[in-house]
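Peer 1: I am attaching a structure below and will ask some questions about it afterwards.
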Amino acid sequence: MPLWVAVTVNNAKLIMDLCAIIDQQNVIIQAQAMELAQHDALTRAEEIATLRHKYAEAIDGPAENWRCEV
């Protein structure tokens with residue numbers, strides 16, 4: 001296998017692994033936000049919405065799509 005192919009495959013795997021970690025972190029953060037809201041705590045809905053939008057822009061997808069695919 002040529003070196004450039006191996007590097008490309010390794011980079012693609014790294015990107016997929018990082019996306020999976022980000023997706024898991026997002027699930028945790030969303031769960032925490034829901035738990036805080038249930039306890040009448042202040043939520044940061046505006047900040048979360050802004051970050052969702054930035055995330056969507058970064059992966060070139062709609063804000064509703066939180067899953068990262070390569």
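Peer 1: Of all residues in segment 15-31 being within 17 Å of THR50 (Cα to Cα) and of a type in the set (S, T, N, Q), which is surrounded by the fewest Cβ atoms within 10 Å (Cβ to Cβ)? Spell out the reasoning first.
Peer 2: Of segment 15-31, the ones within 17 Å of THR50 (Cα to Cα) are 22-23, 25-27, 29-30.
So of that shortlist, the ones also of a type in the set (S, T, N, Q) come out as 25-26, 30.
Working: GLN25: 10, ASN26: 17, GLN30: 13.
Here the residue is GLN25.
Peer 1: Could you tell me which of the residues ALA56, ALA41, ALA12, ALA31 is at pLDDT below 75, on the phi < 0 side of the Ramachandran plot and small (Gly, Ala, Ser)? So that I can check it myself, show each step before the final result.
Peer 2: On the way: ALA56 fails: at pLDDT below 75; ALA12 fails: at pLDDT below 75; ALA31 fails: at pLDDT below 75.
From the options ALA56, ALA41, ALA12, ALA31, the qualifying one is ALA41.
The values are calculated or read from the model by the stated rules, or taken from the named source; none is laboratory data. In this text, all values refer to a predicted model and were calculated from it rather than measured experimentally. Ideal geometry is used to build each Cβ from the backbone, glycine not excepted, and the neighbour counts take in all protein chains shown.
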